Structures are given as structure tokens and as C-alpha cells.
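Note sheet for the following structure.
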Amino acid sequence: MKNDSVRANLHVHYSADLYDRYSERFLNWYDDFMIRRILFECRKRPLDGVLMDVGTGTARLLLKLALRPELHTLRFIGTDYFPDMVRLAARNARDNGFAGRVDILHADVHALPFPDQCASVVISRSTIHHWAKPVTALGEIYRILRSGGLALIHDVRRDSTPPALIEFNRLRQVAGVEPSRLEEKYTTDEIRNFVAEAGLEERCMISAPRRGPASLGIELRIVK
């Protein structure tokens, strides 16, 4: 039996507009970290086809990736479950001149409306705790990856290190956003169990740093 969560898909506890302002102004350090990781991994594989951001929120990270010259051969798709996020993401893409290069779609990670092996790269940031059924979601992400494709999935973890969590919450306070709700997050072991239940242990490398800003969270690196 799958060890899926029984929660509903979880929206942030504030408006999409506030999330967008927070994401644009206060998550640059996180964006930079993710972009470095994505570019490092993409250097190892052919860059054609689709880069998909599952749970894109208001698409701030996705739009930064679409600007990178190293990724110019890719098509970009952002999906989100929540209509308010989708509306803002589409507006951000349009207002920043990405019409025709970045597509924003409403979609549920548990039943992605895409064919098998359609994406070269899938990214997903701060999302696992938002998913109603993490095991099912991981299986869907793996399904849409093409052979040789890569998925990078990041989230804050409940067993993050105190210094990283303190700094994260300090920035949230400055942004006017409530502290991170650790009770909603998963521990490293719980996420390992989701990976195992999805049958991806041999395909997934899990990193949970113990020092530095990255010790706030966990990375799943999945190669098909």
C-alpha cells in the first residue's frame, strides 16, 4: 500500500499576490541556488525539448531560467494546481515578454495532462509538502520524463538545521510573511519513504545537507 499523505493539495497561507511579491523580492538567494544546480546538471545532457516547472507558483524562477542563454534551446512550461497562482504566473510571463516561449498551464501533479516521456528536465521547488499524495506525484513526474531526463525536486524539510531555519524565517518576517510551518513539512526519512514507495530508490539521489543555507531543505535528483 502506498504511504501517501491524506491531506488535500495545500495552498500557501496567504494570498497569491503576497506570495508573488515575496518570491520576487526575497527568494533571490534560493533562485540563484536552484539555477546553479539546474545549469550544472544540464551541462551533462543534451538540451532540447521541454523544461517543465511543476508547482511553478507565480513563475518567478521559471522566467529567470528562460533568460539563461545556456537553456535557449528549451521550451518552458510551468504548471500549478491553484488558479490564482496560474493567473499571476501567466501575467508575469506576458508582462515580461515571454509569450510564445513560456507556457503556463493549470494542472494537478497527481494526474499531469502530458504524454509519457515528454519532458527533458522537470523542476519543482518547495512543493512536496503541498502535494496531497507525494508518492503519486513522484510517479507522475517520473512518467513524463524522457529516457535520460532529469528531475530536480527541492523542499524545506522538517528536520532542517536551526541556523538555516532562523535565517529563512527572518527573511519571511521582513517580507511580511508568516514563519514557515514546520508541522506541514516532511522529514528526510519520510521523503525517503515516499521515494521508496514510488519505486524510485535506484533512480533517485537524495541530498539533505547539514550545514549552510541548503541545510534548510532536501533535494531529490531523479534520472530516468
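The values are calculated or read from the model by the stated rules, or taken from the named source; none is laboratory data. Keep in mind that this is a model prediction, so the values were computed, not measured. Positions of Cβ are generated from backbone atoms using ideal geometry, with glycine treated the same way; all protein chains shown enter the neighbour counts. Heads up: the accessible areas ignore ligands, DNA and RNA and are worked out on the full protein's heavy atoms, side chains in. Shrake-Rupley method; radii C 1.70, N 1.55, O 1.52, S 1.80 Å.
Criterion applied to R60, R37 was being within 17 Å of the chain's Cα centre (by Cα) and farther than 21 Å from L171 by Cα, and the one residue passing it is R37.
Kindly evaluate L18 against the criterion of being touching a residue at least 24 places away in the same chain (Cβ under 8 Å), of a type in the set (A, V, I, L, M) and either part of a loop (DSSP other than H, G, I, E, B) or open to solvent by less than 20 Å² (accessible area, probe 1.4 Å) (or both).
Working: touching a residue at least 24 places away in the same chain (Cβ under 8 Å): yes; of a type in the set (A, V, I, L, M): yes; either part of a loop (DSSP other than H, G, I, E, B) or open to solvent by less than 20 Å² (accessible area, probe 1.4 Å) (or both): no.
Taking the combined requirement at face value, the residue does not satisfy it.
Among the residues making up the range 131-181, those that are farther than 26 Å from L200 by Cα and of a type in the set (A, V, I, L, M, F, W, C) are A164, L165, I166, F168, L171, V174, A175, V177. All of (1) touching a residue at least 12 places away in the same chain (Cβ under 8 Å); (2) assigned to a loop (DSSP other than H, G, I, E, B) hold for R192 with one exception: (2). When we screen I191, I144 for residues that are under 25 Å from V12 (Cα atoms) and of a type outside the set (K, R), the only hit is I191.
Of the residues making up the range 54-68, those that are over 9 Å from R125 (Cβ atoms) and not hydrophobic (A, V, I, L, M, F, W, C) number 4.
Of all residues in the range 40-56, those satisfying the criterion of being in contact with a Leu (Cβ under 8 Å, 6 or more places away or on another chain) and either assigned to a helix (DSSP H, G or I) or under 24 Å from V109 (Cα atoms) (or both) are E41, C42, L47, D48, G49, V50, L51, D53, V54, T56. Checking each residue in the range 199-224 for being open to solvent by 30 Å² or more (accessible area, probe 1.4 Å), over 18 Å from K185 (Cα atoms) and either without any contact (Cβ under 8 Å) to a residue 12 or more places away in the chain or not in a strand (DSSP E or B) (or both) picks out G199, E201, E202, R203, R211, G212, K224.
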